[in-house]
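**Student:** Next up is a structure, given as structure tokens.
Bear in mind these aren't lab numbers, they're just calculated from the coordinates by the rules spelled out. In this text, all values refer to a predicted model and were calculated from it rather than measured experimentally. Every residue, glycine as well, gets a Cβ built from its backbone with ideal geometry; the counts of neighbours run over all protein chains shown.
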Amino acid sequence: MSCKPLFRTISAAAVLAFGASTAAHAATEIQFWHAMEAALGERVNDIANDFNKSQSDYKIVPVFKGTYDQALAAGIAAYRSGNAPAILQVYEVGTATMMQAKKAVIPVYDVFKQAGVPLDEKAFVPTIAGYYSDAKTGHLISMPFNSSTPVLYYNKDAFKKAGLDPNQPPKTWADVEADAKKLKAAGYSCGYSSGWQSWIQLENYSAWHAAPFATKNNGFDGLDAKLEFNKPLQVAHIQFLQNMAKEGTFTYVGRKDEPVSKFYSGDCGIITNSSGSRATIAKFAKFDYGVGMMPYDANVKGAPQNAIIGGASLWVLSGKDPAVYKGVAKFLAYLSTPEVAGKWHQDTGYLPVTQAAYELTQKQGFYDKNPGADIAIKQMLNKPPLPYTKGLRLGNMPQIRTIVDEELEQVWAEKKTPQQALDASVQRGDELLRRFEKTGN
Amino acid sequence: MEKRSRFDTSVLPYLLVAPQLAITALFFLWPAGEALWQATQSQDAFGTSSEFVGLANFRQLFADPLYLSSFSTTMIFCSLVTVSGLVISLLLAACADRVTRGAKAYQTLLIWPYAVAPAIAAVLWSFLFNPSIGLVTYALAKQGIIWNHALNGTQAMFLVVLASVWKQVSYNFLFFYAGLQAIPQSLIEAAAIDGAGPVRRFFGIALPLLSPTSFFLLVVNLVYAFFDTFPVIDAATGGGPAQSTKTLIYKIFAEGFQGLDIGSSGAQSVVLMVIVVALTVIQFRFVERRVQYS
């Protein structure tokens, strides 16, 4: 480690010596660490290449660093040893961790300001930008990049067989249960299943029904927030799902994307999962399928409100030359142009992060050719967000999700009542929030 | 007078063990010391602020009933992995020892799984047992058994034990097989002449003579079960359902590397370190007495 600064000095001297003759060609290299696998990673490489070709001052070097948690751990380890990348992709539940590390992170708004690159923060979809903005100043802290929301997928062929209208996805939770019952009666082993239970059945369920997930506007207004998803609204919903599990219309198969394979194999007629699963389903499903909005409870006032996002954003880490940050600002600005953001949305199933990218995609006729591709964004724009439906900003959120997984699994296995499980989740989660609060001060 | 070779200088022996000592210091003592230090700190993920909190991380751990229940999960998991791993591989080795035709083919096939990375082993098994698309799940469903390790804790435990044992059996097999081959044929033949059947010969002669090997494997397998199995658990169950496969080592991995709670994870590693040191001492003090070295 100790030889690194020396090496840098030598290389800097070498650059200076050659500077006079080669300055015009020396592009500043900018490391960009991400967690976009396979096809998504290729798209990231394409974007970086296009940007590198569009100018000669900066060279973006995208590096795949594994899954979201691995990429974040790698970025943190690199920061601790002084080799951090300039841009790091961090998943939405890591947002509070990043915001707390004030010395390690430069807010995106400041990066643009210092570089003298204009940034129109109003251009972003409000519910996406809100997730990544400072609650006090309203300015962007990280750059929205790949965001998704939960949507409902249903098997149209199975609907036909069960005597249901294949063009009518279940709208309310009561519909989901009724349709799942008919699917069961028609011989399907699993009516409804869902992945990412904390994100879909509690975080998004709360926002979709205009209810807070935690106090202090879901943590946006302070580290001293407390969880409050053990209220009658959420308990009733988990009770509803437990009843479905008992009667066999809801099948739990795993914490993450497991229901997707259960859906495209034809076992499950209805699932809720990330809008980002659309590409996988399109690839493997050998039947006609449709996409619908997240179901809601018709008796809840104000529902449906708006969805909140999952996915990741791009963070700028500190400790680099000003020249690097100028390049970072230009690259981030390039990412949010309607053409680039629109193509990213169309290729991947992630949301268009700006209004302009959404409108451009509409104009290009993409949604006419790909019905259902606009459901995710429609859910985000459904209503202007309330202060507590902008998203979540809670520390130790990855662990809180694990806690919710553990507790809900006991509900599906009928070892706990919904009230007991949610109370336990809130109590255990609050302990983690207090731990996070302490390390922040 | 005692006759032994002596080196004149006192530097040489130290020089000769120096590389080993350096490796031990670099890869064992330093990280262990680091863990001890982290365990007393309250730190944000980036390490930009750090505060000495003494034993607060330990107090918080032992006040958590779920941490304590993770101990029993670990004990169940480790004994299942160690006992079934040793028994199965001994059985296989004893069978392979009696095979005369195609012995090489058996050996090779039995050693293969050892070359598979733990995470891949877990993924292979969880594919077979996948609640939505697994082959075994499908076969079991035909028999009327519903397999869903995402919900059923016992099934989840069975799956992670199966994947961990499957991986370790090859290693154990290799040692048992070599041990069996090293037993003098004359002893076995003498017993056979005295009228002992294969089973009697195995328990009366082979097993006692294998005791050094068995003891060595017991230590190695316990360490394996305690420390090396988190990739298997991560890929197969993620510690679930509920907490039914959350062993101590997996908890450290999940909270330190995924949850970025370095203080708590450091404290947990220290606790685990103490447990394994204690177990090893017990083994050498009490179990080794019964081992017969020839």
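**Student:** Mind checking the mean number of beta-carbon atoms from other chains within 10 Å of the Cβ atoms in B:234-244? Display every interim value, and only then the final one.
**Tutor:** Values: counts 0, 0, 0, 2, 6, 4, 6, 11, 12, 6, 4.
What the average comes to for B:234-244 is 5.
**Student:** Continuing with this model, one more query. Can you quote the Å³ per residue value for the convex hull of the Cα atoms in the protein assembly as shown, rounded to an integer?
**Tutor:** On the way: hull volume 163.8 nm³, N = 735.
Per-residue hull volume (Cα only) is 223 Å³.
**Student:** Under 8 Å for C-alpha pairs, at least 6 residues apart: give me the relative contact order for the stretch B:12-170, rounded to a whole percent. Numbers along the way, then the final one.
**Tutor:** Values: 100 pairs, mean separation 31.4, N = 159.
Worked out over the stretch B:12-170, it gives 20 percent.
**Student:** By count of other Cβ within 10 Å, fewest leading, how are A:Lys330, A:Lys301, A:Lys103 ordered?
**Tutor:** A:Lys301, A:Lys103, A:Lys330
**Student:** Right, another one. Looking at the stretch A:283-441, I'd like the Rg to Rh ratio, where Rg is from alpha-carbon atoms and Rh is Kirkwood's inverse mean 1/r. Before the final figure, lay out each step's value.
**Tutor:** Working: Rg = 20.5 Å, Rh = 19.7 Å.
Using only Cα positions, Rg/Rh for the stretch A:283-441 is 1.04.
**Student:** For A:Ala178 paired with A:Asp221, estimate the spin-label separation in nm (one decimal), with each label point 7 Å from Cα along the Cα-to-Cβ line.
**Tutor:** Using points 7 Å along Cα→Cβ, the separation is 4.0 nm.
**Student:** Pull up all non-local amide H partners of B:Gly240: gap of 5 or more, or a different chain, and H-to-H distance under 5 Å with H placed in the peptide plane.
**Tutor:** Those qualifying (amide H under 5 Å, at least 5 residues apart or on another chain) are B:Thr245.
**Student:** When a footprinting reagent is the concern and you count Cβ atoms within 10 Å, what order do A:Arg393, B:Arg98 take, fewest first? Provide the component values of the computation, followed by the final result.
**Tutor:** Numbers: A:Arg393 24, B:Arg98 10.
Ascending Cβ contact count within 10 Å gives the list B:Arg98, A:Arg393.
**Student:** Follow-up question, since we're still on this one. Starting from 0.36 nm per residue, how many nanometres of slack lie between B:Leu15 and B:Val219 once their C-alpha separation is accounted for? List each step's numbers first, then the result.
**Tutor:** Numbers: separation 204, 0.36 × 204 = 73.44 nm, distance 2.95 nm.
Here the answer is 70.5 nm.
**Student:** Work out the P(r) tail for chain B: percent of alpha carbon pairs separated by more than 30 Å, whole number.
**Tutor:** Details: 20858 of 43071 pairs.
The calculated P(r) of chain B puts 48 percent of pairs beyond 30 Å.
**Student:** Residue by residue through the stretch B:243-256, which ³J(HN,Hα) values in whole Hz follow from phi under the Karplus form 6.51 cos²θ - 1.76 cosθ + 1.60 (θ = phi - 60°), with glycine and proline marked x?
**Tutor:** Those phi angles translate into 10, 5, 10, 8, 7, 4, 5, 5, 4, 4, 4, 5, 7, x Hz.
**Student:** Another one. Take the alpha-carbon centre of the stretch B:175-233, take the same for the stretch A:252-303, and report the distance between them in whole Å.
**Tutor:** Value for the Cα centre distance between the two parts: 53 Å.
**Student:** Now for a different question. Stokes-Einstein at 25 °C, 0.890 mPa s, Kirkwood radius from Cα pairs: D for the stretch A:100-193 in µm² s⁻¹? Mind dumping the intermediate values first?
**Tutor:** Numbers: Rh = 17.1 Å.
Taking Rh from Cα pairs, D becomes 143 µm²/s.
**Student:** Gain in length, B:Val83 to B:Glu189, computed as 0.36 nm per residue apart minus the alpha-carbon separation, to one decimal in nm? Mind showing how you got there, number by number?
**Tutor:** On the way: separation 106, 0.36 × 106 = 38.16 nm, distance 2.99 nm.
Computed gain between B:Val83 and B:Glu189 is 35.2 nm.
**Student:** Okay, moving on. Just need the Rg to Rh number for the stretch A:208-302, please, alpha carbons only, Kirkwood Rh. Numbers along the way, then the final one.
**Tutor:** Working: Rg = 16.6 Å, Rh = 15.9 Å.
Taking Rh as the inverse mean 1/r over Cα pairs, Rg/Rh reads 1.04.
**Student:** Here's something else I'd like to know. What FRET efficiency, computed as 1/(1 + (r/R0)^6) with R0 = 22 Å and r the Cβ-Cβ distance, is obtained for B:Phe158 and B:Ala119, rounded to the nearest 0.05?
**Tutor:** Working: r = 19 Å, r/R0 = 0.85.
Between B:Phe158 and B:Ala119 the formula returns 0.70.
**Student:** Please state, to two decimals, what the Cα-based radius of gyration of chain A comes to when divided by 2.2 N^0.38 Å (N = residues). Before the final figure, lay out the partial values.
**Tutor:** Details: Rg = 23.0 Å, N = 441, 2.2 N^0.38 = 22.2 Å.
Ratio of Cα Rg to 2.2 N^0.38 Å: 1.03.
**Student:** Shifting gears a bit: Relative contact order for chain A: what is it in percent, counting Cα pairs under 8 Å that are at least 6 residues apart?
**Tutor:** On the way: 777 pairs, mean separation 105.5, N = 441.
Relative contact order of chain A: 24 percent.
**Student:** Could you list B:Leu55, A:Leu394, B:Leu15, B:Leu66 so that the one with the fewest beta carbons within 10 Å of its beta carbon is first and the one with the most is last? Don't skip to the answer; put the middle values down first.
**Tutor:** Values: B:Leu55 12, A:Leu394 26, B:Leu15 9, B:Leu66 16.
Sorted ascending by nearby Cβ count, the order is B:Leu15, B:Leu55, B:Leu66, A:Leu394.
**Student:** Taking H placed 1.01 Å from N in the peptide plane, check which residues at least 5 places from A:Tyr289 or on another chain put their amide H under 5 Å from its amide H.
**Tutor:** Sorted by chain and number, the residues that satisfy this are A:Lys156.
**Student:** Relative contact order (percent) for chain B, with alpha-carbon contacts under 8 angstrom and 6 or more residues of separation? Intermediate values should be presented prior to the final figure.
**Tutor:** On the way: 320 pairs, mean separation 81.7, N = 294.
Relative contact order for chain B comes out at 28 percent.
**Student:** Give me the one-decimal nm value for the distance between modelled label points at B:Gln292 and A:Ala185, 7 Å along each residue's Cα-to-Cβ direction.
**Tutor:** Placing both labels 7 Å along Cα→Cβ, they lie 7.4 nm apart.
**Student:** A further question on this structure: At 0.36 nm per residue, and after removing the present C-alpha to C-alpha distance, how many nm does the segment from B:Val276 to B:Trp37 gain when stretched out fully? Before the final figure, lay out the partial values.
**Tutor:** Values: separation 239, 0.36 × 239 = 86.04 nm, distance 1.91 nm.
Extending this stretch completely gives an extra 84.1 nm.
**Student:** Which percent of the Cα-Cα distances in the stretch B:229-294 go past 21 Å?
**Tutor:** Numbers: 886 of 2145 pairs.
I get 41 percent for the Cα pairs in the stretch B:229-294 exceeding 21 Å.
**Student:** Along the stretch B:258-270, what does the Karplus equation 6.51 cos²θ - 1.76 cosθ + 1.60 (θ = phi - 60°) give for ³J(HN,Hα), rounded to whole Hz, x for Gly and Pro?
**Tutor:** Values, residue by residue: 8, x, 6, 9, 6, x, 5, 5, x, 4, 5, 5, 5 Hz.
**Student:** Across all directions of projection, what mean area in square nanometres is found for the Cα convex hull of the stretch A:185-235?
**Tutor:** On the way: hull surface 19.2 nm².
Over every viewing direction, the Cα hull of the stretch A:185-235 projects on average to 4.8 nm².
**Student:** Right, next: Amide H of A:Cys190 versus every other amide H placed in the peptide plane: which residues, excluding those fewer than 5 positions away on the same chain, fall under 5 Å?
**Tutor:** A:Gly269
**Student:** Another question, then. Please give the FRET efficiency for B:Phe203 paired with B:Thr100, using the beta carbon to beta carbon distance and R0 = 30 Å, rounded to the nearest 0.05. Kindly include the intermediate steps, with their values, before the conclusion.
**Tutor:** On the way: r = 22 Å, r/R0 = 0.74.
So the FRET efficiency works out to roughly 0.85.
**Student:** Considering every residue in A:398-410, what mean count of other chain Cβ atoms within 10 Å of its Cβ is obtained? Mind dumping the intermediate values first?
**Tutor:** Values: counts 6, 7, 1, 0, 9, 2, 0, 6, 9, 2, 2, 10, 6.
Other-chain Cβ atoms within 10 Å of each residue's Cβ, averaged: 5.
**Student:** Can you run phi through the Karplus equation (6.51, -1.76, 1.60; θ = phi - 60°) for the stretch B:220-236 and list ³J(HN,Hα) in whole Hz, with x for Gly and Pro?
**Tutor:** 4, 5, 5, 4, 4, 5, 6, 10, 9, 9, 5, x, 4, 5, 4, 6, 8
**Student:** Strictly over 31 Å apart at the Cα level, which of A:Lys283/A:Lys363; A:Lys182/B:Lys246; A:Lys416/B:Lys251 would you flag in this model? Each step should come with its number before you reach the end.
**Tutor:** Working: A:Lys283/A:Lys363 26 Å; A:Lys182/B:Lys246 38 Å; A:Lys416/B:Lys251 23 Å.
Violating the 31 Å Cα-Cα cut-off are A:Lys182/B:Lys246.
**Student:** Convex hull over the Cα atoms of the stretch A:266-366, averaged projected area in nm²?
**Tutor:** Details: hull surface 40.7 nm².
Spelled out: convex hull of the Cα atoms, projected over all directions, averaged, 10.2 nm².
**Student:** Over all pairs of distinct alpha carbons, what does the Kirkwood formula give as the hydrodynamic radius of the stretch B:107-226, in Å? It would help to have the intermediate numbers written out before the result.
**Tutor:** Working: mean 1/r = 0.0586 Å⁻¹.
About 17.1 Å, per the Kirkwood formula over Cα pairs.
**Student:** Still on this structure, I have one more. With bins 10 Å wide starting at 0, give me the P(r) of the stretch A:65-104 over every alpha carbon pair, in whole percents.
**Tutor:** Going from the shortest bin to the longest, the percentages are 30, 63, 7.
**Student:** Viscosity 0.890 mPa s, temperature 25 °C: what is the translational diffusion coefficient of the stretch B:1-130 from Stokes-Einstein with a Kirkwood Rh over Cα pairs, rounded to a whole number of µm²/s? All intermediate terms of the calculation are to be shown ahead of the outcome.
**Tutor:** Numbers: Rh = 21.4 Å.
Using the Kirkwood radius from Cα pairs, D works out to 114 µm²/s.
**Student:** Further, regarding this structure: Which number comes out as Rg/Rh for the stretch B:60-148 once both Rg and the Kirkwood Rh are worked out on C-alpha atoms? Let's see the in-between values first.
**Tutor:** Numbers: Rg = 18.6 Å, Rh = 16.7 Å.
For the stretch B:60-148, the value is 1.11.
**Student:** Normalised by the empirical 2.2 N^0.38 Å for globular proteins, what value does the Cα Rg of the stretch A:159-270 take? Write down the numbers at each step before the final one.
**Tutor:** Working: Rg = 16.0 Å, N = 112, 2.2 N^0.38 = 13.2 Å.
Scaled against compact globular proteins, the figure is 1.21.
**Student:** Also, I was wondering about something else. Which order do peptides B:223-233, A:163-173, B:135-145 fall in by mean Cβ count within 10 Å, highest first?
**Tutor:** Working: B:223-233: 21.5, A:163-173: 16.4, B:135-145: 11.8.
Order by mean packing, descending: B:223-233, A:163-173, B:135-145.
**Student:** Follow-up. Put a dot 7 Å past each Cα toward the Cβ at B:Asp228 and A:Asn243; how far apart are the dots in nm?
**Tutor:** So the two model labels end up 5.2 nm from each other.
**Student:** Take peptides A:428-437, B:174-183 and line them up by average Cβ neighbours within 10 Å, highest first, as a rough protection proxy.
**Tutor:** Working: A:428-437: 19.5, B:174-183: 17.3.
Final packing ranking: A:428-437, B:174-183.
**Student:** Turning to a different aspect of this structure: Mind jotting down the distance between the C-alpha centroids of the stretch A:349-399 and the stretch B:117-168, whole Å?
**Tutor:** 37
**Student:** Sorted by packing (mean other beta-carbon atoms within 10 Å per residue), highest first, where do A:248-256, A:362-370 land?
**Tutor:** Numbers: A:248-256: 22.4, A:362-370: 12.8.
For the peptides A:248-256, A:362-370, the packing ranking is A:248-256, A:362-370.
**Student:** Let me ask another. Here is the link list: A:Lys53/A:Lys326; A:Lys156/B:Lys142; A:Lys301/A:Lys383; A:Lys256/A:Lys438. Which ones come out longer than 24 Å on Cα distance? Each step should come with its number before you reach the end.
**Tutor:** Values: A:Lys53/A:Lys326 17 Å; A:Lys156/B:Lys142 27 Å; A:Lys301/A:Lys383 14 Å; A:Lys256/A:Lys438 30 Å.
Too far apart for the 24 Å limit: A:Lys156/B:Lys142; A:Lys256/A:Lys438.
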